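Asker: I'd like to ask some things about the structure below.
The values are calculated or read from the model by the stated rules, or taken from the named source; none is laboratory data. All values derive from a computational prediction rather than experimental measurement. Every residue, glycine as well, gets a Cβ built from its backbone with ideal geometry; the counts of neighbours run over all protein chains shown. Ligands, DNA and RNA are excluded from the accessible area calculation, which covers all protein heavy atoms including side chains. Shrake-Rupley method; radii C 1.70, N 1.55, O 1.52, S 1.80 Å.
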Amino acid sequence: MKRIGILSDTHSYWDDRYLQYFEPCDEIWHAGDICSTELADRLAAFRPLRAVCGNCDGGDLRRMFPEVLRFKCEEIDVLMKHIGGYPGRYDRSIVRQLHARPPQLFISGHSHILKVQYDQTLGLLHINPGAAGLQGWQKERTLIRLTIEGNKFGDCEVITLGRNA
């Protein structure tokens, strides 16, 4: 069993509560627009970090993290990309890959809109954790915690960090 902390769109903003809420997690996954190598290093020093670069991430972060990341967690095939869209409206940069070989879990960021949605057509769970940073127009800053055990998801929690100023 793995407990996963998922966030996106921090845009260089550090909140000590990231560590508080991700303390019970085995890994942290960041869906892009980290915007700070220091922030990535702090997360990676706390828990193993898997991340993708986003459209606002510069050269150092692009060297540290790929644009698309595919991996196994327990028995779940995971695909992560910053700009991904949503079920029925996937971004054209990833739609072919999703349809050719659908993962069981697709994680994206970019929109700053929290969404946990099952895609009936592709048989996958889509998660956009919203935005954990201050930059953007989102009303609430959010994180996700998720448990993966074998080939099953459980304990999906939305954590609200407060209103965006």
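Asker: If the reach is capped at under 20 angstrom between alpha carbons, list the lysines near LYS139, excluding any in the same chain fewer than eight residues apart.
Answerer: Straight-distance partners of LYS139: LYS115.
Asker: If you average the sequence gap of Cα pairs under 8 Å that are 6 or more apart and divide by the length of the range 9-165, what percent do you get for the contact order? Mind showing how you got there, number by number?
Answerer: Values: 337 pairs, mean separation 29.7, N = 157.
It comes to 19 percent, rounded to a whole number.
Asker: Could you go through the range 2-17 in sequence order and give the Karplus-derived ³J(HN,Hα) for each residue, using 6.51 cos²θ - 1.76 cosθ + 1.60 with θ = phi - 60°, rounded to whole Hz, and x for Gly and Pro?
Answerer: Rounded to whole hertz, the list is 10, 9, 10, x, 10, 8, 7, 6, 6, 6, 6, 8, 9, 10, 4, 5.
Asker: Tell me the mean residue ellipticity at 222 nm calculated for the chain from its helices only (DSSP H runs of n ≥ 4, each -39500 (n - 2.57), averaged over every residue, nearest 500).
Answerer: Details: 4 runs with 28 residues, N = 165.
Taking each H run of at least 4 residues, the total per residue is -4000 deg cm²/dmol.
Asker: Restricting to the range 1-136, compute how many DSSP beta bridges are antiparallel as a %, nearest 5.
Answerer: Around 50 percent of the beta bridges assigned by DSSP in the range 1-136 are antiparallel ones.
Asker: Same structure, new question: Could you provide, to the nearest whole Å², the per residue accessible area of the chain with probe 1.4 Å? Could you put the intermediate results ahead of the total?
Answerer: Values: 7780 Å² over 165 residues.
For the chain, the solvent-accessible area averages 47 Å² per residue.
Asker: Expressed as a whole percentage, what fraction of the accessible surface of the chain belongs to carbon and sulfur atoms when a 1.4 Å probe is rolled over the protein heavy atoms?
Answerer: Values: 3700 of 7780 Å².
Looking at the chain in its full context, I get 47 percent from C and S.
Asker: Determine the sum of side-chain charges near GLU75: Lys and Arg each +1, Asp and Glu each -1, restricted to other residues whose C-beta is under 14 angstrom from that of GLU75. It would help to have the intermediate numbers written out before the result.
Answerer: Details: positive: LYS2, LYS72, LYS152; negative: GLU74, ASP77, GLU149.
So the environment of GLU75 carries a net charge of 0.
Asker: Ok, one more. For a quick check: with amide H placed at 1.01 Å from N, whose amide H comes under 5 Å from TYR86's, ignoring anything fewer than 5 positions away on the same chain?
Answerer: ASP91
Asker: Same structure, new question: What net charge is computed for the residues neighbouring GLY85, neighbours being all others with C-beta under 13 Å from the C-beta of GLY85, Lys and Arg scored +1, Asp and Glu -1?
Answerer: Details: positive: LYS81, ARG89, ARG92, ARG96, LYS115; negative: ASP91, ASP119.
It works out to a net charge of +3.
Asker: Could the peptides 61-74, 38-51 be put in order, highest first, of the mean number of other beta-carbon atoms found within 10 Å of their residues? Please report the intermediate quantities before stating the final value.
Answerer: Details: 61-74: 15.0, 38-51: 16.5.
Highest-to-lowest ranking by the protection proxy: 38-51, 61-74.
Asker: What does the net charge come to around PHE22 if you take all other residues with beta carbon closer than 12 Å to its beta carbon, with K and R at +1 and D and E at -1? Display every interim value, and only then the final one.
Answerer: Numbers: positive: ARG3, ARG17, ARG42, ARG47, ARG145; negative: ASP15, ASP16, GLU23, ASP26, GLU27, GLU157.
Result for the local shell: -1.
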